[in-house]
Amino acid sequence: MPPTQFSDVITTEADLRAIMGSPSELVIRKQLDHLDRHARDFIGRSPFLLMGTSGADQLGDVSPRGDAPGF
């Protein structure tokens with residue numbers, strides 16, 4: 001693990017669950033593996049979004065995107 005400026009770093013899901021607990025059923029049901037009609041409509045009306053992705057290597061990236069609504 002690379003050095004960090006923080007003294008307390010959560011590195012596993014077990015560490016996170018020990019602090020935060022497990023998500024509720026309501027939260028779990030909100031997870032999507034695709035953009036549904038409502039998400040596409042919301043994005044279509046938005047001038048700005050943050051697109052977050054992650055790969056099989058578990059590395060993530062968040063990129064700002066924006067222009068006129070529906071860009």
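Since every read-out is calculated from the coordinates, none of them should be taken as a lab result. None of these values were measured; they are calculated from a predicted model. Quick reminder, even Gly has a Cβ in these numbers, built from the backbone with ideal geometry, and neighbours come from all protein chains shown.
Just a few scattered comments:
- Using C-alpha pairs below 8 Å separated by at least 6 residues, the relative contact order for the chain is 23 percent.
- Estimated 222 nm signal from helices in the chain, with DSSP H stretches of n ≥ 4 weighted -39500 (n - 2.57), rounded to 500: -8500 deg cm²/dmol
- Residues in the range 53-71 that a label on residue 35 would reach, taking backbone N under 13 Å of a point 7 Å out along Cα→Cβ: 53, 65-67, 69-71
- Histogrammed with a bin width of 5 Å, the alpha carbon distances of the chain distribute as 3, 11, 12, 18, 20, 14, 12, 9, 1 percent, first bin at zero.
- Dipole magnitude (debye, nearest 20) for the chain, charges at Cβ of Lys, Arg, Asp, Glu: 340
- Our coupling estimate for the range 32-48, obtained by passing each phi through the Karplus curve with A = 6.51, B = -1.76, C = 1.60 and θ = phi - 60°, is 10, 9, 7, 8, 7, 4, 5, 5, 4, 5, 4, 5, x, 9, 9, x, 8 Hz, Gly and Pro reported as x.
- Label-to-label distance, nm, for residues given as residue 65 and residue 49 (7 Å Cα→Cβ offset): 0.6
- For the chain, built as a Gaussian network whose Cα springs stay under 10 Å, the top-fluctuating residue of 57, 41, 33: 57
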